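The values are calculated or read from the model by the stated rules, or taken from the named source; none is laboratory data. Only a predicted model underlies this, so the values are computations on that prediction, with no experimental measurement involved. All Cβ positions, glycine included, derive from the backbone under ideal geometry; neighbour counts span all protein chains shown. Accessible surface is based on the protein model in full, side chains and every heavy atom, while ligands, DNA and RNA are left aside. Shrake-Rupley method; radii C 1.70, N 1.55, O 1.52, S 1.80 Å.
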Amino acid sequence: MFRNVVVGISGGVDSAVAALLLKNKGFNVRGVFMKNWDIVDEKTTCTGDQDFEDAQRVCRHLKIPLIQVNFVKEYWNNVFRQFLEDYESGLTPNPDILCNRFIKFDNFFEFATSRDKLGAEAIATGHYARTNFGAYLEKYTPERNAKLLQARDTFKDQTFFLSNIPQRALKKTMFPLGDLTKDQVKAIAMDSGMGFLLRKKESTGICFIGHRNFQEFISEYIVSKPGKLIDIDTGNIVGSHNGFHHWTVGQRCRLSGYPQPYFIAQKDPNTNNIFVAQGTNNPALFSKRFFTESPYWIDKSCAPNVDKGFHCKFRFQHTKPLTRCEVKKNPERSNELLVILERPLRAITPGQYAVFYSETECYGCARIINPICGEKVLESEYEITIS
C-alpha cells in the first residue's frame with residue numbers, strides 16, 4: 001500500500017539501518033536530515049554539522065537522496081523555550097519527549113507527507129518501537145487507530161520517548177528496527193558496508209547540550225536566583241544554592257560537616273528555597289503516590305477508564321524498570337490523575353513524565369506535578385491486585 005517513504009536520517013547507525021531495510025524491501029526511500037539546533041559549543045563547533053556530514057555519507061552509500069530541513073525556529077519555540085521555563089519554575093523537563101511530539105512527529109511528518117512538500121505516503125525512523133500495524137505498515141487500515149508497542153529489545157525500547165506523539169503521525173510511521181536487537185542492527189550495518197558508523201559514539205543525554213557541562217550550559221540562559229538549603233526534617237538552614245536550575249530531585253548536595261550526605265527533596269518556587277533530606281533512604285525522597293496533569297492517551301478510542309480507575313505499569317525515567325500501579329481520577333481535579341504505586345519509588349520528579357504501559361502496549365503519558373513524599377499511609381491502601 002505504501003511505496004514512497006521518507007526516513008529521518010540522523011547520521012547514526014539506527015536510522016541508517018532503518019533506511020537500508022526499507023530500500024531492501026523495495027520502498028522508494030528518501031532521507032531527511034532535521035537541523036534543530038545551530039548554536040556552537042565552547043569548542044566553536046556545532047555537532048549537527050558533523051551529523052549532517054555522516055548523514056550525507058550514509059545516503060551516498062545507500063544511493064538515496066538526502067534533503068536537509070531547518071526546524072531551528074520550531075525547536076526553539078516548542079521545545080527549548082519550554083525547557084527553560086520549566087527549569088526556572090523548579091521543574092525538571094524532558095525535552096526528548098517534546099522533540100518527538102512537536103518536531104519529529106509533527107513538523108517532520110507534515111514536511112514529509114504534505115503534497116506541497118515531499119508528498120510521501122509514510123515516514124520511518126530508527127526508533128526501537130513497534131505498532132500494531134507492523135514494521136512496514138503491512139497491517140495498516142485507515143479505520144483503525146495505531147497502538148504503540150514496546151520493541152523486541154526491551155533494553156533499547158524507546159516508547160518512553162514516543163509516549164506523547166500524535167495519532168495521525170503514528171498511523172503512518174514505520175519502525176523497521178522494532179523487531180531487532182541493537183546487536184543485530186550493528187551486524188547489519190557492518191555487513192552492508194556501513195561499519196564506519198559503529199566507530200561513532202552513540203548519542204545520549206539532551207541533544208542540544210552535547211558534550212558540554214550541563215551547569216555551564218544552562219547558566220548561559222537562566223539567571224541564577226540564590227536561595228537557602230533547608231533540612232526538610234528539622235527546618236534548619238544547612239547551606240545555600242545559586243538557582244533551581246542547578247539541581248534536580250534526588251541529586252546529592254556536596255555539604256561538608258554532616259554525618260550523612262544530603263539530597264534534594266523538594267523545591268519551593270514561592271520562596272526560592274530548596275528542601276534537602278539527609279540520608280540516601282530518607283522517607284522524604286520516596287513516594288507511593290503522585291498527581292499528574294491531564295493525561296495524553298495514544299489510542300483515544302481504547303483509552304483506559306480513568307473514571308473507574310485501572311491497573312497498569314509505569315516508569316518516569318527511560319532506564320527505570322516498570323512498576324505496577326493503580327491510576328485514578330484526581331478527586332479534586334477530574335481532568336488530572338492520581339497514581340498509586342505498588343511500592344515506593346525514590347526521586348519521583350515534578351516536570352518528568354509518567355508513562356503508562358500494559359504488558360506490551362504504551363498507553364500514553366502524563367506530566368508529574370505533585371509527588372507525595374514521606375507520608376504515613378496504611379499499607380492496606382496499597383494492596384493492589386494487577387489483573
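Of the numbered conditions (1) within 29 Å of ASN242 (Cα to Cα); (2) open to solvent by 70 Å² or more (accessible area, probe 1.4 Å); (3) outside any loop (DSSP other than H, G, I, E, B), TYR258 fails exactly one; give the number of that condition.
Failing condition for TYR258: (3).
Cβ contacts < 7 Å: first residue at positive phi, restricted to region 66-90; second residue open to solvent by 60 Å² or more (accessible area, probe 1.4 Å), any location; separation 6+ or different chain. Result?
Matching pairs, first to second residue: GLY90/PRO269.
If a residue counts only when it is under 19 Å from ALA265 (Cα atoms), modelled with pLDDT under 95 and open to solvent by 20 Å² or more (accessible area, probe 1.4 Å), which strands (runs of 3 or more DSSP E) contained entirely in region 307-387 have at least 1 such residues? Full working, then the answer.
Values: elements: 310-315, 323-329, 337-346, 353-357, 361-373.
Fully inside region 307-387 and qualifying: 337-346, 361-373.
Failed condition for LYS73, given (1) buried (at least 21 other Cβ atoms within 10 Å of the Cβ); (2) over 16 Å from the mean Cα position of the chain (by Cα), with all others met?
Only one criterion in (1) buried (at least 21 other Cβ atoms within 10 Å of the Cβ); (2) over 16 Å from the mean Cα position of the chain (by Cα) is unmet by LYS73, namely (1).
Restricting to region 214-232, name every residue that is modelled with pLDDT under 95, open to solvent by 80 Å² or more (accessible area, probe 1.4 Å) and not aliphatic (A, V, I, L, M).
GLU216, GLU220, LYS225, PRO226
Given the residues PHE133, PHE109, which is the only one that is in a loop (DSSP other than H, G, I, E, B), in contact with a strand residue (DSSP E or B) (Cβ under 9 Å, 6 or more places away or on another chain) and closer than 22 Å to GLY26 by Cα?
Only one candidate qualifies: PHE133.
The rows are residues; the columns are (1) buried (at least 19 other Cβ atoms within 10 Å of the Cβ); (2) at pLDDT 95 or above.
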{"residue": "VAL17", "(1), (2)": "yes, yes"}
{"residue": "LYS23", "(1), (2)": "no, yes"}
{"residue": "PHE33", "(1), (2)": "yes, yes"}
{"residue": "LYS43", "(1), (2)": "no, no"}
{"residue": "ARG57", "(1), (2)": "no, yes"}
{"residue": "VAL69", "(1), (2)": "no, yes"}
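Please go through region 112-130 and give me each residue that is in a loop (DSSP other than H, G, I, E, B) and either at positive phi or under 17 Å from the mean Cα position of the chain (by Cα) (or both), ordered by number.
The answer is GLY119, THR125, GLY126, HIS127, TYR128, ALA129.
Considering each residue of region 152-174, count those that are over 17 Å from ILE97 (Cα atoms) and surrounded by 21 or more Cβ atoms within 10 Å (Cβ to Cβ), and give that number.
Matching residues across region 152-174 total 2.
So THR154 passes all but one of these: (1) within 19 Å of the chain's Cα centre (by Cα); (2) modelled with pLDDT of 95 or more; (3) in a loop (DSSP other than H, G, I, E, B). Which condition number does it fail?
(2)
Inside region 177-194, can you point out the residues that are open to solvent by less than 10 Å² (accessible area, probe 1.4 Å) and out of contact with any strand residue (DSSP E or B) (no Cβ under 6 Å at 6 or more places or on another chain)?
LEU177, VAL185, ALA189, MET194
Please specify each residue of region 122-145 satisfying the condition of being buried (at least 17 other Cβ atoms within 10 Å of the Cβ) and out of contact with any Asp or Glu (no Cβ under 8 Å at 6 or more places or on another chain).
Of everything in region 122-145, those that are buried (at least 17 other Cβ atoms within 10 Å of the Cβ) and out of contact with any Asp or Glu (no Cβ under 8 Å at 6 or more places or on another chain) turn out to be ALA122, ILE123, ALA124, THR125, THR131, PHE133, TYR136, LEU137, TYR140.
Mind checking whether some residue in region 90-101 is under 30 Å from ARG315 (Cα atoms), surrounded by 19 or more Cβ atoms within 10 Å (Cβ to Cβ) and over 18 Å from the mean Cα position of the chain (by Cα)?
Yes - at least one qualifying residue is present in region 90-101.
Would you mind stating whether GLY48 is crowded, with 19+ Cβ neighbours inside 10 Å, under 22 Å from the mean Cα position of the chain (by Cα) and assigned to a helix (DSSP H, G or I)?
Yes: the conditions hold for GLY48.
So, in region 160-176, exactly how many residues are more than 14 Å from TRP297 (Cβ to Cβ) and either under 14 Å from the mean Cα position of the chain (by Cα) or in a loop (DSSP other than H, G, I, E, B) (or both)?
The total comes to 6.
Go through region 265-290 and count every residue that is in a loop (DSSP other than H, G, I, E, B) and either buried (at least 16 other Cβ atoms within 10 Å of the Cβ) or on the phi > 0 side of the Ramachandran plot (or both).
3
Criterion first (among the polar types (S, T, N, Q), modelled with pLDDT of 95 or more and either out of contact with any Phe, Trp or Tyr (no Cβ under 8 Å at 6 or more places or on another chain) or under 17 Å from TYR221 (Cβ atoms) (or both)) does ASN107 satisfy it?
No, not satisfied.
Keeping to region 239-255, report how many residues are among the hydrophobic types (A, V, I, L, M, F, W, C) and part of a strand (DSSP E or B).
So the answer is 1.
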